[in-house]
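*Asks:* I'd like to ask some things about the structure below.
The values are calculated or read from the model by the stated rules, or taken from the named source; none is laboratory data. Because the structure is predicted, anything quoted here is derived from the model rather than measured. As a convention, Cβ positions derive from the backbone with ideal geometry for all residues, glycine included, and neighbour counts pool all protein chains shown.
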Amino acid sequence: MAAQNGKDLLIKLDMTGSGTFETVAGLRASHLSFNAESVDVTSLESAGGWRELLSGAGVKSAALTGSGIFKDATTDERARQIFFDGEVPNFQVVIPAFGTVEGPFMITALEYAGNHDGEATYELTMASAGALVFTALT
């Protein structure tokens, strides 16, 4: 994969539950990470004393963060409502020249900040809340 423009990594939100996604406006930075816990099944019989891990076991998760400025009242209001209502809507993350990850996420943190001589900013932290689907670009 060749170098890509960072602004093309997009976080999109299903605004109404209908499968229509809109980019969360005003984001300046986005980050997606995947994690998989391992299940250690090492025993006295493990070859050479090397650790053994159980294939297909453990919990998979993803974390999604974004930070930016207030730009679009509709997506700002929807993100805030999702947090306060504890909703778990579908999000899409568009990874440029790679594909799209889609699935349910919970907004686990919502932070607001501002300096006296600058713009108001916000940060979202989200945790996967179910199975995610990856669709590669074709």
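*Asks:* Residues of the range 35-71 being closer than 30 Å to Gly114 by Cα, at pLDDT 90 or above and hydrophobic (A, V, I, L, M, F, W, C), which ones?
*Replies:* Ala62, Ala63, Leu64
*Asks:* Taking the condition in contact (Cβ under 8 Å) with a residue 40 or more places away in the chain and within 17 Å of Met15 (Cβ to Cβ), does Met106 pass? Reasoning before the result, please.
*Replies:* Working: in contact (Cβ under 8 Å) with a residue 40 or more places away in the chain: no; within 17 Å of Met15 (Cβ to Cβ): yes.
No: the conditions fail for Met106.
*Asks:* Go through the range 59-102 and give me each residue that's acidic (Asp, Glu) and surrounded by fewer than 18 Cβ atoms within 10 Å (Cβ to Cβ). Outline the logic, then answer.
*Replies:* The initial filter retains those residues of the range 59-102 that are acidic (Asp, Glu), namely 72, 76-77, 85, 87, 102.
Hits for the range 59-102 are Asp72, Asp76, Glu77, Asp85, Glu87.
*Asks:* Now, a different point. Being touching a Gly at 6+ places or on another chain (Cβ under 7 Å) and touching a residue at least 40 places away in the same chain (Cβ under 8 Å) is the filter here, so list the residues in the range 10-59 that pass it.
*Replies:* Ile11, Val24, Gly26, Leu27, Arg28, Ser30
*Asks:* Hey, another quick one. Looking at (1) under 18 Å from Arg28 (Cβ atoms); (2) loosely packed, with under 12 Cβ neighbours inside 10 Å, find the lone condition where His116 falls short.
*Replies:* (1)
*Asks:* While we're here: Check Ser67, Ser55, Ser38 and return the single one that is hydroxyl-bearing (Ser, Thr, Tyr) and within 18 Å of Val94 (Cα to Cα).
*Replies:* Working: Ser55 fails: within 18 Å of Val94 (Cα to Cα); Ser38 fails: within 18 Å of Val94 (Cα to Cα).
Ser67 is the lone residue from the list that is hydroxyl-bearing (Ser, Thr, Tyr) and within 18 Å of Val94 (Cα to Cα).
*Asks:* Please pick out the residue among Thr138, Thr74, Thr108 that is modelled with pLDDT of 90 or more and either touching a helix residue (DSSP H, G or I) at 6+ places or on another chain (Cβ under 9 Å) or of a type in the set (Ser, Thr, Tyr) (or both).
*Replies:* Numbers: Thr138 fails: modelled with pLDDT of 90 or more; Thr74 fails: modelled with pLDDT of 90 or more.
After applying the criteria, what remains is Thr108.
Residues checked against (1) surrounded by fewer than 12 Cβ atoms within 10 Å (Cβ to Cβ); (2) acidic (Asp, Glu); (3) at pLDDT below 95:
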| site | (1), (2), (3) |
| --- | --- |
| Met1 | yes, no, yes |
| Gln4 | no, no, yes |
| Asp8 | yes, yes, yes |
| Leu13 | no, no, yes |
| Thr23 | no, no, yes |
| Leu27 | no, no, yes |
| His31 | no, no, yes |
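*Asks:* Which strands (runs of 3 or more DSSP E) does the range 1-70 wholly contain that include 2 or more residues that are of a type in the set (A, V, I, L, M) and farther than 18 Å from Leu124 by Cβ?
*Replies:* Values: elements: 10-14, 21-23, 27-36, 60-69.
In the range 1-70, there are no strands (runs of 3 or more DSSP E) which contain 2 or more residues that are of a type in the set (A, V, I, L, M) and farther than 18 Å from Leu124 by Cβ.
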